[in-house]
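Data first, discussion second: the structure below is written as structure tokens.
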Number of protein chains: 2
Amino acid sequence: MELNITHSTEEETRRDFDVIIIGAGASGFSAAIYAVRSGLSAIILDKSVSGGLTAEAPLVENYLGFKAIPGVDLAREFANHASEYAPINEYTEVYSIKKGAEKFTVETNKGNYTGSSVIVATGTTHKHLNVPGEKEYYGKGVSYCSTCDGYLYKDRKVVVIGGGNSGAIAAISMSEYTSEMRILEFMPRYMCEEAYINTIRNRKIPYLMNSQVLEIVGNGKKVTEVRYKNRETGKEDVVETDGVFIYVGLLPQTGFLKDSGVNLNDRGYINVDQKGRTSVNGIYASGDVTGTEAQIATAVGDGCRVSMTLYSDLLKNGKR
Amino acid sequence: MELNITHSTEEETRRDFDVIIIGAGASGFSAAIYAVRSGLSAIILDKSVSGGLTAEAPLVENYLGFKAIPGVDLAREFANHASEYAPINEYTEVYSIKKGAEKFTVETNKGNYTGSSVIVATGTTHKHLNVPGEKEYYGKGVSYCSTCDGYLYKDRKVVVIGGGNSGAIAAISMSEYTSEMRILEFMPRYMCEEAYINTIRNRKIPYLMNSQVLEIVGNGKKVTEVRYKNRETGKEDVVETDGVFIYVGLLPQTGFLKDSGVNLNDRGYINVDQKGRTSVNGIYASGDVTGTEAQIATAVGDGCRVSMTLYSDLLKNGKR
């Protein structure tokens, strides 16, 4: 999703803000609204397009107020809402955050920004399987985003790898229009919410447990099958398919924090206190990158909370 | 706001659920959606009508996804959404929660309910000024809810007592149609967000700091004026008015927890861990009643979080 937001020249060239928000997803958006409504200036930077993982959800049914809305539409509502408060600079990748005497310098591929405070809301990205064929056939049958690519497989065969909530949702939503759908799950049990299990059963989508993917096979031009092993019996098998959608987990986006002094936990998520403060005064974090429930609702709530905390910290420190 | 939700006879008479959710506001609604999507059965009880404080907000602009929506409309969206997952029993006042061997018994004015778990999401209610005239003229000029009663004062004079965010929002929204509006604030400074300060200034709404209300004066039938003292100069003054809207703070709704074993803090809010667990195994709490930021966003996020925690606690305890 790319936004067409018109900013004034002043905004386009402005480089100094009270708060630099890194990550244009649900949490960063909510943080921006609250920061600006407190009287702070803010900018939102994202290395790619805005929307975050919300934009990749086929259908969102659990964010209070929206009974059922495609993720890409909800993400657009979110971005439109937030952009009334702060500019959203897409394709702006942050390389590092450096603490100066007064301000933080945020280095990006589009030059430096300075801010008194920083909120990291970069979320997570998809893990890879790391099997033969995965890289080779990426974009030629292999995908990590059913919302983006699912409809290319109308009346065709699709395998979803990974039967957690994300994989289940992807499989369920694509099964509306694919000719065949199945789920390969590594673990020996259902890994998704009961609501999804019921739907999977009702729709008779095979959910093959104990399945370890060995290779994504193609004819050089496109994917033709997935080779996998039953971890219990050791028996290998193949399933013919046109598409392979990989949902095997998430990686927090924290690489650029390497020399920032911000403490991460052993899985790479940012350690924060209950209010979103990191180990560095003036740097805050919220949303999926802090290792929370990875839900839109919590991302939005924590984005609100982190900006209210940031503002009250400024007040307490006599900086407003 | 009263809902017209048709429940089956089975639902109406059903008394045992996996989760009893007390409080039909933003947090309880979000908790219900997540609990039921996890495969749990749930019911929502409220001593009054559903909607909570969301329904009293004149205009909500800071809940991500809704640029600007009257609180009463947003509350209706919320209730409609939640009611697809769980019945909402209005006018059902909880008297106590008793822990049994297997289940909790929740005593109400409409009989007992039993549940394996309880989520308390009862929120807060408005504090009183406790000055002469306040009780006497309640409903005769005195109100705690601008959304409910504001429009009765079209082309008339109104005083809002308390200049925090809630009072500021009430004053701003009513100033659209009143003939005169002013705000009396006890403290010697602005107590609301800068966004509201700007609007108050733009609209030239007097914001009288250091004002201690002494009495709400009437003619026996209705309010005629407010008598107050300047705390700095000691000088008393009166302001003629038709309506008095009181916004001086919130009280957590925790009276029914007296003998439950649930620990409260010194302000009466429920002590919870980061995930919404109270001091009693099986009783959880979320939203304003836990003393959080009192925002819709955090109430919704914490409602999601508490149900995910509850479900994972059940799994860990081998109860699902």
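The values are calculated or read from the model by the stated rules, or taken from the named source; none is laboratory data. Note that this is a predicted model, so its numbers are computed, not measured. Here the Cβ positions follow ideal geometry from the backbone for every residue, glycine too, while neighbour counts run over all protein chains shown. These area figures cover heavy atoms from the full protein model, side chains too; ligands, DNA and RNA do not enter into them. Shrake-Rupley method; radii C 1.70, N 1.55, O 1.52, S 1.80 Å.
Counting only aspartates and glutamates at least 8 places from B:K258 when in the same chain, those with an alpha carbon closer than 14 Å to its own are B:E107, B:D266. Restricting attention to the stretch B:59-138, the count of lysine pairs at 8 or more positions apart or across chains with alpha carbons under 30 Å apart stands at 7.
Within the straight-line cut-off of under 19 Å between alpha carbons, the aspartates and glutamates reachable from B:K157 are B:E134, B:D149, B:E176, B:E180, B:E185, B:E215, B:E225, B:D237, B:E240, B:D242, sequence neighbours fewer than 8 places apart in one chain being disregarded.
Taking only the alpha carbons of the protein assembly as shown, we obtain Rg and Dmax values of 26.7, 91 Å in that order.
The other copies place their B:K222 label points at 7.5 nm from this one, listed shortest first, where each point is 7 Å from Cα along Cα→Cβ. Heavy-atom accessible area buried between chains B and A is around 3800 Å² (1.4 Å probe, both sides summed). Carbon-plus-sulfur fraction of the accessible area of the stretch B:142-246, 1.4 Å probe, in percent? For the stretch B:142-246, the apolar C and S fraction of the accessible surface comes to 46 percent. Entry note, the stretch A:92-238: relative contact order of 17 percent, from Cα contacts under 8 Å with a spacing of 6+ residues. Using a probe of 1.4 angstrom and keeping all protein chains present, the accessible surface of chain A works out to 44 square angstrom per residue.
For the stretch B:11-37, a drop of 40 Å² or more in accessible area on going from the chain alone to the assembled protein chains (1.4 Å probe) is found at B:Y34, B:R37. Mind checking the stretch B:219-253 for trypsin sites (Lys or Arg not before Pro) that DSSP puts in a loop (not H, G, I, E or B) and that have at most 11 other Cβ atoms within 10 Å? Taking the stretch B:219-253 and a limit of 11 other Cβ atoms within 10 Å, the loop trypsin sites (Lys or Arg not before Pro) found are B:K221, B:K235. Inter-copy label distances at B:R201, shortest first and taken from points set 7 Å along Cα to Cβ: 6.2 nm.
Take each residue of peptide B:192-203, count the partner chain Cβ atoms within 10 Å of its Cβ, and average: the result is 2. As a ratio to 2.2 N^0.38 Å, the alpha-carbon radius of gyration computed for the stretch B:274-320 takes the value 1.18. Long hydrophobic helices in chain B: the complete DSSP H runs spanning 20 Å or more by Cα along their own axis with mean Kyte-Doolittle hydropathy of at least 0.0 are B:296-316. An oblate overall shape is assigned to the stretch A:245-302, the ratio a/c of its alpha-carbon gyration tensor axes (a ≥ b ≥ c) being 1.5 or greater and a/b not exceeding b/c. Report summary: the helix-based calculation at 222 nm, which adds -39500 (n - 2.57) for every DSSP H run with n ≥ 4 and divides by the residues of chain A, gives -7000 deg cm²/dmol. Three principal axis extents of the stretch B:186-320 based on alpha-carbon atoms, in descending order, are 66, 36, 29 Å. In percent, rounded to a whole number, the relative contact order of the stretch A:202-320 is 13, using alpha-carbon pairs under 8 Å and six or more apart.
Here B:G100 yields copy-to-copy label distances, from shortest upward, of 6.7 nm, the label point defined as 7 Å from Cα along Cα to C-beta.
Residues of the stretch B:56-83 that bury at least 40 Å² of accessible area when the other protein chains are present, relative to the chain alone (probe 1.4 Å, heavy atoms, ligands and nucleic acids excluded): B:E61, B:N62, B:Y63, B:L64, B:G65, B:F66, B:K67, B:H81. For the stretch A:142-246, the gyration tensor built on C-alpha atoms gives an oblate shape. Its axis ratio a/c (a ≥ b ≥ c) is at least 1.5, and a/b is not larger than b/c.
The distance separating the Cα centre of the stretch A:83-118 from that of the stretch B:120-165 comes to 44 Å. The stretch A:201-236 and the stretch B:280-297 have their alpha-carbon centroids 44 Å apart. Compactness of chain A is given as radius of gyration and Dmax, 21.2, 67 Å, from Cα positions. Positive contributions from Lys and Arg (+1) and negative ones from Asp and Glu (-1), summed over other residues with Cβ under 11 Å from the Cβ of B:E136, come out at +2. The rotation axis bringing chain B onto chain A passes closest to the chain B residue reported with its distance as B:G301, 1, by C-beta distance in whole Å.
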